[in-house]
Amino acid sequence: YRLVNFGPLTMITTSDGERAGVSTVAWLRPAAKNPPAFSMSIGRAHHTFKNIEKNLKLTINVPLASMVDTALWAGKVSGNDVDKFADGRLKAINGIIHPEVPMLEGCGAWIECTVDADCLSDPGAPVIARGVSAYCLDGLLTEGNSWRVEEFPTIHHLGGSRFMVGREVVEVGM
């Protein structure tokens with residue numbers, strides 16, 4: 001799987017109404033364009049997954065390169081044992097559509113989602129989330145709506161504690 005999975009790392013935020021959670025997720029992909037949907041792997045024992053089961057909402061946060069240490073920490077520490085937001089490393093802002101689900105400061109983009117409850121009953125199935133609203137930093141997108149990685153580099157998980165931070169863009173003509 002690591003031969004083909006090194007897309008941008010994401011951080012999934014959730015809340016059960018009482019306590020927020022965050023998981024670092026490298027296995028996320030677009031599943032549909034219109035309406036937008038995303039498929040992701042989140043362990044069933046994770047605090048984040050338990051929050052998703054309770055309220056069927058999440059936010060996909062796309063961290064910038066400056067958050068690589070925080071993303072690794074959030075992926076290694078269990079939300080079942082630690083309130084990751086109480087630690088102070090994560091700065092949260094209220095969601096716009098779902099104010100109870102935090103969005104992370106320091107990210108380049110955020111997608112607020114609802115979750116299809118049907119996907120949660122099969123332990124081997126990915127979590128399917130439908131985008132209801134999306135936001136990005138000013139200047140992040142080109143006129144053609146592609147990410148300006150030269151100015152807003154993303155994090156790509158290569159396995160373990162290895163990450164790639166991309167900046168170079170190659171234009172290929174036909």
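The values are calculated or read from the model by the stated rules, or taken from the named source; none is laboratory data. Quantities reported herein were computed from a predicted structural model and do not represent experimental measurements. Cβ sites come from the backbone with ideal geometry, for glycine too, and all protein chains shown count toward neighbours. With ligands, DNA and RNA removed, areas are computed over all heavy atoms of the protein, side chains included. Shrake-Rupley method; radii C 1.70, N 1.55, O 1.52, S 1.80 Å.
Sum up the charges of everything whose Cβ sits under 14 Å from the Cβ of Thr114, counting Lys and Arg as +1 and Asp and Glu as -1, but leave Thr114 out. Numbers along the way, then the final one.
Numbers: positive: Lys54, Lys57, Arg130; negative: Glu53, Glu100, Glu112, Asp116, Asp118.
Net of charged neighbours comes to -2.
With K and R counted +1 and D and E -1, the other residues having a Cβ less than 15 Å from that of Pro123 yield a net charge of -1.
Within the set of other residues whose C-beta is less than 11 Å from the C-beta of Val132, count the net charge using Lys and Arg as +1 and Asp and Glu as -1.
Values: positive: Lys57, Arg130; negative: Glu112.
Counting the neighbours of Val132, the net charge comes to +1.
For Lys57, list the aspartates and glutamates whose Cα falls under 12 Å from its own Cα; do not include residues on the same chain fewer than 8 positions away. Hits, sequence-local ones excluded: Asp16, Glu100, Glu112, Asp116.
Given axes a ≥ b ≥ c from the Cα gyration tensor, I'd like to know whether region 49-115 is rounded (a/c under 1.5), prolate (a/b larger than b/c) or oblate. Oblate, since a/c reaches 1.5 and b/c is not below a/b. Computed over every Cα-Cα pair of region 6-85 and binned at 10 Å starting from 0, the pair-distance distribution P(r) comes out as 18, 52, 27, 3 percent. For Trp27, the accessible surface of its heavy atoms amounts to roughly 110 Å² (probe 1.4 Å, protein chains only, rounded to the nearest 10).
Please work out whether region 36-83 counts as rounded, prolate or oblate from its C-alpha gyration tensor, where a ≥ b ≥ c are the square roots of the eigenvalues and a/c under 1.5 means rounded, while otherwise a/b larger than b/c means prolate and anything else oblate? Note, shape of region 36-83 comes out oblate.
Mean projection of the Cα convex hull over all viewing directions, computed for region 77-129: 5.0 nm². Solvent-accessible area assigned to carbon and sulfur over region 22-90 amounts to 52 percent, based on a 1.4 Å probe. Dividing the summed helix terms, -39500 (n - 2.57) for each DSSP H run of n ≥ 4, by the number of residues in the chain produces a 222 nm estimate of -3000 deg cm²/dmol to the nearest 500. Annotation: amide H of Gly166 within the under-5 Å range of Thr154, His156, sequence separation 5 or more or interchain, hydrogens built in the peptide plane.
When the convex hull of the C-alpha atoms of region 85-174 is computed, what volume per residue in Å³ does it have? Present the calculation step by step, with values, prior to reporting the outcome.
Working: hull volume 18.7 nm³, N = 90.
It comes to 207 Å³ per residue, whole-number rounded.
Backbone geometry of region 112-121 corresponds, through the Karplus equation with coefficients 6.51, -1.76 and 1.60 at θ = phi - 60°, to 3J(HN,Hα) couplings of 7, 9, 10, 10, 6, 4, 4, 6, 7, 7 Hz, x marking Gly and Pro. The calculated Kirkwood hydrodynamic radius for the chain is 16.5 Å, given to one decimal from all distinct C-alpha pairs.
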